[in-house]
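To keep things clear, I will list the structure first and then write my remarks on it.
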Amino acid sequence: MGHLDHATFGWLTPVLSYAMASIGAALGLRCTVRALGTSGRSRRNWLFTAASAIGTGIWTMHFVAMLGFGVTGTDIRYDVPLTLLSLLVAMLVVGAGVFTVGYSRDRSRALLVGGLTTGLGVASMHYLGMAALRLHGTVAYDPLLVTVSVVIAVVAATAALWAALNIKSPGAVALASLVMGAAVSSMHYTGMLAVGVEVVPSGSALSGATVMQFIFPLAVGLGSYLFLTSAFVALSPPAREHPAGRTAGRTERPAPAP
């Protein structure tokens, strides 16, 4: 069995990946709170932003953590189409959960269905990302730890959707996002503990892209998206403070008679 190192850069990648998950969760929860206070096109747009933020945060967390992943005795490459597919899966499943909560009248049922769907989707994203791994050898998984990681994903997703429905204040959202970031990170590293690699030395070249060729630039780009979107949301006033909203609510004075 090859020796697996989950932190080749020390604490840098675990801490940075946790930060990405927490930022994505905070932004997504804040956008969902905004969405639930609006209707029509505005609600839909806020929910789209929430889904993209949480999905991007989860995906970026996974692959920033993977920057520190190494296996003794073999190089590592990543299949580009599968990696991009894992990002799409993250966006779609989180979007399904967020929109279920955002539009359902029976919120208890929406919470259960949305949490289960989103959790299974997040786990699928993780293992699809692992399927994109290319190395000299074979990868095997511990079924028990895989099951635990999926359960963590479902619980974390359900907790995030519950927080979106019940937590309103910015301070509570920040605290919930830190907890959510810890849950997503726990799911990732539990899944990684399930991994075992049987290295088969080979002189042939591996297909795919290296971490620095593909994963690093994409993670930096998505991380920048999270920071810029966070700034936009922070600077965007709530509906009741929006200038257009104040104008619409003002009583027009009749024009003076000629």
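Identify, by number, the condition in (1) open to solvent by 50 Å² or more (accessible area, probe 1.4 Å); (2) under 23 Å from L67 (Cα atoms); (3) not small (G, A, S) that L206 doesn't meet.
(1)
Let's see how each residue does on (1) acidic (D, E); (2) in contact with a Cys (Cβ under 7 Å, 6 or more places away or on another chain); (3) surrounded by 19 or more Cβ atoms within 10 Å (Cβ to Cβ):
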{"site": "G24", "(1), (2), (3)": "no, no, yes"}
{"site": "C31", "(1), (2), (3)": "no, no, yes"}
{"site": "R34", "(1), (2), (3)": "no, no, yes"}
{"site": "R41", "(1), (2), (3)": "no, no, no"}
{"site": "T49", "(1), (2), (3)": "no, yes, yes"}
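Within the stretch 85-93, does at least one residue satisfy the condition of being under 17 Å from G181 (Cβ atoms), at pLDDT below 90 and of a type outside the set (V, I, T)?
To start, the set of residues in the stretch 85-93 that are under 17 Å from G181 (Cβ atoms) comprises 90.
From what is left, the residues that are at pLDDT below 90 are 90.
Those still in the list that are of a type outside the set (V, I, T) too: 90.
Yes, the stretch 85-93 contains at least one residue that is under 17 Å from G181 (Cβ atoms), at pLDDT below 90 and of a type outside the set (V, I, T).
State all residues of the stretch 10-21 that are closer than 14 Å to T60 by Cα and over 9 Å from the mean Cα position of the chain (by Cα); if no residue qualifies, say none. Explain how you work it out, then say what you get.
Keep residues of the stretch 10-21 that are closer than 14 Å to T60 by Cα, which gives 13-21.
Hits for the stretch 10-21 are T13, P14, V15, L16, S17, Y18, A19.
Against the definition (assigned to a loop (DSSP other than H, G, I, E, B), touching a residue at least 12 places away in the same chain (Cβ under 8 Å) and open to solvent by 40 Å² or more (accessible area, probe 1.4 Å)), how does G68 come out, yes or no?
The answer is no for G68.
Which ranges mark the strands (runs of 3 or more DSSP E) fully within the stretch 71-160 that have 3 or more residues being in contact (Cβ under 8 Å) with a residue 40 or more places away in the chain and open to solvent by 30 Å² or more (accessible area, probe 1.4 Å)?
Details: elements: 76-78, 133-135, 137-141.
Hits in the stretch 71-160: 137-141.
The values are calculated or read from the model by the stated rules, or taken from the named source; none is laboratory data. What you are looking at is a predicted structure, and each value in this text was computed from that prediction instead of being measured. FYI the Cβ positions are ideal-geometry reconstructions off the backbone, even for glycines, and counts take in every protein chain you see. Each accessible area value is taken on the protein alone, full model and side chains, heavy atoms only, with ligands, DNA and RNA left out. Shrake-Rupley method; radii C 1.70, N 1.55, O 1.52, S 1.80 Å.
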